[in-house]
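Reviewing the structure listed below.
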Amino acid sequence: MSIKIQPEAIVALRGFEMPERLGFGTVMAPVMFRARYQDGRWSDGELIPYGPLALDPAAKVLHYAQSCFEGLKAYRNGNNGVGLFRPERNAARMAHSARRLCMPPVPEGLFMDAVRSVASHCANLIPGSSGESLYLRPFLMGTQPDLSVTASRAYEFYVIASPSEAYHAGNMRLWVEREDSRAAVGGTGDAKVGGNYAASLQSIAGLKERGYDQSLWLNPGNRHTIDELSGMNFFAVMDGALHTPALNGSILEGVTRDSMLTLARDQGIEVHEREIDIDDLLALVASGTCSEAFACGTAAIVSPISELGDGDRRYRLSQAPGPVADKLRRALLDIQEGRAEDRFGWMQMVPAASF
Ligand SMILES: *Cc1c(COP(=O)(O)O)cnc(C)c1O
């Protein structure tokens, strides 16, 4: 697979001026990657200037939501250049999401070429302070213009990028969502698809006014065990051991989740992947046995949870931020930013492109 670098992309990169404030996911890099799928095969990828897409109004994605996405970060990694964190996991997960929606998986080689070429061309745009990164957003969608309910025969795969500050969600207060579900059993709960996010918005919409930040989703089948947050996985610390809901089909398998589990085991912390009943957890928070809980995902890495709200009852976690979350977050960031040895082979280094 070869990548064409459009001359206009280089012009866009040369002319780009970094704004002073970055925020998270709001400033876009001036280039993006595109590959097209038609008649059963993928085109070569191209690096092109960032800009609006031309989509037929009857494109399947707009009506039947045939689309999935990924999120990963490129870090400034010590003096070694740019490091991508476990991108092969995102490639595999995107293939899984694509299959669930009857889309052709983006071949791993094409996915890797895409994220590597965007990261290497945007190397100079990666801000330099700890926690800052280039956030990469690959996405795939069905573009065939046709209103019949069948899988699209044409697809486009893009990778856009956003130079971003560290994302601090701060201490989060979670609302235990007992009514809505974000994904159905047998549906798309373990796929990274926009529809799951759309289904979560109603629950989140009124939260701030009521003093909460995010919804905590229960399993849509049994409605009493914990699944996760809308875009982050859930962890609780009880008697020094780390507990997280076992993967069950309606939980998205986070790369950060897996990394936390690996780091915790490595540090001698006891780890349990299991069903966690919400009523049991709330009782353990009330009794103080559960003193710490946190959520994790690529964007914020680790966000402490300070409170769980259930109906008109509020349950406070005594340690937010807590020591376990803090230790794991540091260990992960030290690997990502090249201060600690990459003992698990998580970083993929990318040389900066010269142009
Ligand atoms: C992306 C996502 C996560 C976090 O996954 P990471 O790979 O750690 O970023 C967790 N839950 C949902 C629903 C997600 O979409």
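A few points about this structure:
- For the chain, alpha-carbon Rg and Dmax in angstrom: 20.7, 63
- Summed residue charge, Cβ within 13 Å of Ile160's Cβ, Lys/Arg positive, Asp/Glu negative: 0
- Mean Cα-pair separation over length for the chain, i.e. relative contact order, pairs under 8 Å, 6 or more apart, %: 19
- Per residue, the chain exposes 43 Å² of accessible surface when a 1.4 Å probe is rolled over the protein heavy atoms with every protein chain present.
- For peptides 35-46, 298-309, sequence by mean Cβ density within 10 Å, most packed first: 298-309, 35-46
- Cα centroid separation - the stretch 91-117 against the stretch 177-243, whole Å: 25
- Cα gyration tensor, the stretch 219-341 - rounded (a/c under 1.5), prolate or oblate: prolate
- Tensor-based shape of the stretch 123-214 (alpha-carbon gyration tensor, a/c under 1.5 rounded, otherwise prolate or oblate): oblate
- Cα lying deepest toward the dipole's positive end in the stretch 166-316, options Gln202, Met238, Ala191, charges on Cβ: Gln202
- The residue among Tyr315, Met349, Leu281 whose Cα reaches farthest toward the positive pole of the charge dipole of the stretch 239-355, with charges on the beta-carbon of Lys, Arg, Asp and Glu, is Met349.
- Carbon plus sulfur fraction of accessible area for the stretch 54-111, probe 1.4 Å, in percent: 54
- Cα gyration tensor shape of the stretch 3-165, rounded if a/c is under 1.5, else prolate or oblate by comparing a/b with b/c: prolate
- Annotation: Arg116 carries an accessible surface of approximately 80 Å², with a 1.4 Å probe and no ligand, DNA or RNA atoms counted.
- Solvent-accessible area, 1.4 Å probe, carbon plus sulfur percent, for the stretch 172-321: 47
- Backbone geometry of the stretch 41-57 corresponds, through the Karplus equation with coefficients 6.51, -1.76 and 1.60 at θ = phi - 60°, to 3J(HN,Hα) couplings of 9, 8, 6, 5, x, 9, 9, 10, x, 5, x, x, 8, 9, 10, 5, x Hz, x marking Gly and Pro.
- Note, ³J(HN,Hα) from phi for the stretch 272-280, Karplus 6.51, -1.76, 1.60, rounded to Hz, x at Gly and Pro: 10, 9, 7, 6, 10, 6, 5, 5, 4
- Each Lys and Arg Cβ is given +1 and each Asp and Glu Cβ -1; about its Cα centre, the stretch 204-311 then shows a dipole of about 240 debye.
- Charge context of Gly322, other residues only, Cβ under 12 angstrom, K/R +1, D/E -1: 0
The values are calculated or read from the model by the stated rules, or taken from the named source; none is laboratory data. All figures in this text were calculated on a predicted structure; none of them were measured in a lab. We place every Cβ from the backbone using ideal geometry, glycine too, and count neighbours over all the protein chains shown. These accessible areas exclude ligands, DNA and RNA; they are computed on the full protein's heavy atoms, side chains included. Shrake-Rupley method; radii C 1.70, N 1.55, O 1.52, S 1.80 Å.
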